[in-house]
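The values are calculated or read from the model by the stated rules, or taken from the named source; none is laboratory data. Quick caveat, the model's predicted, so the values are computed rather than measured. Cβ coordinates were reconstructed from backbone atoms using ideal geometry, including for glycine residues, and neighbour counts include every protein chain displayed. The accessibility values were calculated without ligands, DNA or RNA, using every heavy atom of the protein model including side chains. Shrake-Rupley method; radii C 1.70, N 1.55, O 1.52, S 1.80 Å.
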Amino acid sequence: MTHQFWLMKSEPDECSIDDLEAAPGQTVPWIGVRNYQARNFMLNDMRVGDGVLFYHSSCAIPGVAGLAEVASTPYPDPSQFDPKSPYADPKSPPDKPRWSLVDVRFQRKTRVLPLKEMRDAPELASMVLLKPGSRLSITPVTADEWRAVLKRLG
C-alpha cells in the first residue's frame, strides 16, 4: 500500500512537536479542524501510516518542526459537542457530526525548517503551503516534496 504525505499546521502554544512527543503514546487527536476541505482530506484521503510534516504556525519562526504519521482512521471530533471548547459547533448534531479528526503519532523532532527557507527552495515551489492565499491547516504533500523536505531537514 502506498502512503501519502501531508503537512499539518499547529500553533505551538496549542500543540507543539514537543507536546506531541510528550503525549501519552506520543499520539494526539487533531482536534479543531473547521474547514471542510481540510476535514475532507482527513475523511476521504488520509490513511493510517501516511507521513506528516508537523508544521508550527502563528509563531516567531513558522516552519516544519518534526515528523509524524497518521495513527487512526477518522472519527468525530468531540470538541464540536463541548460548549466550553473554542471549537464547539452547536449546529453539528451528535447523530450526524459535521467535524472529524484523525490521531497523529510522533516520529521525530527535527530542526525547524523555516517557511522562508521553504519559499527559497526551487524544488518546493509547487507546494500547496507556498501558494498565494493558502491558509488550510492540512495540505497534501507530493512524494517529491516530501523527499525534498527530508533532505533539507538532514
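Working only within the stretch 33-86, note down all residues that are assigned to a helix (DSSP H, G or I), of a type outside the set (Ser, Thr, Tyr) and closer than 15 Å to GLU14 by Cβ.
The initial filter retains those residues of the stretch 33-86 that are assigned to a helix (DSSP H, G or I), namely 36-45, 78-81.
This time we only want the ones that are of a type outside the set (Ser, Thr, Tyr), so: 37-45, 78, 80-81.
Once the filter is applied, which keeps residues that are assigned to a helix (DSSP H, G or I), of a type outside the set (Ser, Thr, Tyr) and closer than 15 Å to GLU14 by Cβ, the stretch 33-86 yields nothing.
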Item to check | Those residues of the stretch 1-23 which are touching a strand residue (DSSP E or B) at 6+ places or on another chain (Cβ under 8 Å) and modelled with pLDDT under 95, in sequence order | outcome: HIS3
Checklist entry - Can you find a residue in the stretch 54-62 that is without any contact (Cβ under 8 Å) to a residue 12 or more places away in the chain, open to solvent by 40 Å² or more (accessible area, probe 1.4 Å) and aliphatic (A, V, I, L, M)? => result yes
Checklist entry - Tally time: how many residues in the stretch 117-154 are in contact with a Gly (Cβ under 8 Å, 6 or more places away or on another chain) and free of Cβ contacts under 8 Å to residues at least 60 places away in the same chain? => result 2
Next on the checklist: Scan the stretch 100-112 and tell me whether some residue there is of a type in the set (Ser, Thr, Tyr), closer than 24 Å to ASP18 by Cβ and in contact with a Phe, Trp or Tyr (Cβ under 9 Å, 6 or more places away or on another chain).
Outcome noted: yes
Next on the checklist: Suppose we filter the stretch 20-32 for residues that are assigned to a helix (DSSP H, G or I) and either under 14 Å from the mean Cα position of the chain (by Cα) or among the small types (Gly, Ala, Ser) (or both); how many remain?
Outcome noted: 3
Checklist entry - Only one residue in GLN26, GLN37 is under 11 Å from VAL104 (Cβ atoms) and either crowded, with 16+ Cβ neighbours inside 10 Å or modelled with pLDDT of 95 or more (or both). Which one? => result GLN26
Next on the checklist: Given the condition over 23 Å from ARG34 (Cα atoms) and not small (Gly, Ala, Ser), answer yes or no: does some residue in the stretch 89-99 qualify?
Outcome noted: no
Checklist outcome for this item: Reported set for the stretch 87-115 where residues are assigned to a loop (DSSP other than H, G, I, E, B), open to solvent by less than 30 Å² (accessible area, probe 1.4 Å) and of a type in the set (Ser, Thr, Tyr) is SER92
